[in-house]
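The values are calculated or read from the model by the stated rules, or taken from the named source; none is laboratory data. Quantities reported herein were computed from a predicted structural model and do not represent experimental measurements. Please note: Cβ atoms are built from the backbone with ideal geometry, for glycine as well, and neighbour counts cover all protein chains shown.
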Amino acid sequence: MTLQEQLSQINEAITAIEIGGQEYTIGNRNLKRADLKTLYNRRKEIESQLQYDNACGDGIANTFVSVFDRR
């Protein structure tokens, strides 16, 4: 499964929780969805990885160079 597919599934799970709640009952069965905080954290990780993978240049994302000239 690609990162983009994982991100889509996580977003769907987050939406389901935000709309329908963390827990629900069907008949006499109680069901609990994934932890919302865990989903938010995983989404952030995947978005960071996608940003890194899509970075322009030499593939060195989030890297800065400083030159200190002693004059």
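Name every residue in region 16-38 that is more than 13 Å from the chain's Cα centre (by Cα), in a helix (DSSP H, G or I) and surrounded by 10 or more Cβ atoms within 10 Å (Cβ to Cβ), in order of residue number. Matches in region 16-38: Ala16, Ile17, Glu18, Gly20.
Selection of first residues in region 45-71 that are within 20 Å of Leu3 (Cβ to Cβ) and assigned to a helix (DSSP H, G or I) and of second residues that are of a type outside the set (Gly, Ala, Ser) and at pLDDT 70 or above, restricted to Cβ pairs under 6 Å at least 6 apart or on distinct chains, gives the following pairs, ordered by first then second residue: Ile46/Leu3; Ile46/Gln6; Ile46/Leu7; Gln49/Leu3; Leu50/Leu3.
Cβ-Cβ contacts under 8 Å between residues 6 or more apart (or on different chains), taken from a first residue in region 6-29 that is of a type outside the set (S, T, N, Q) to a second residue that is surrounded by fewer than 13 Cβ atoms within 10 Å (Cβ to Cβ) and in a helix (DSSP H, G or I), are listed as Ile14/Tyr40.
For region 17-40, does any single residue satisfy the condition of being in contact with a Leu (Cβ under 6 Å, 6 or more places away or on another chain) and at pLDDT 90 or above? Yes: region 17-40 contains one or more residues that are in contact with a Leu (Cβ under 6 Å, 6 or more places away or on another chain) and at pLDDT 90 or above. Number of residues in region 7-38 that are within 25 Å of Leu50 (Cα to Cα) and not polar (S, T, N, Q) equals 12.
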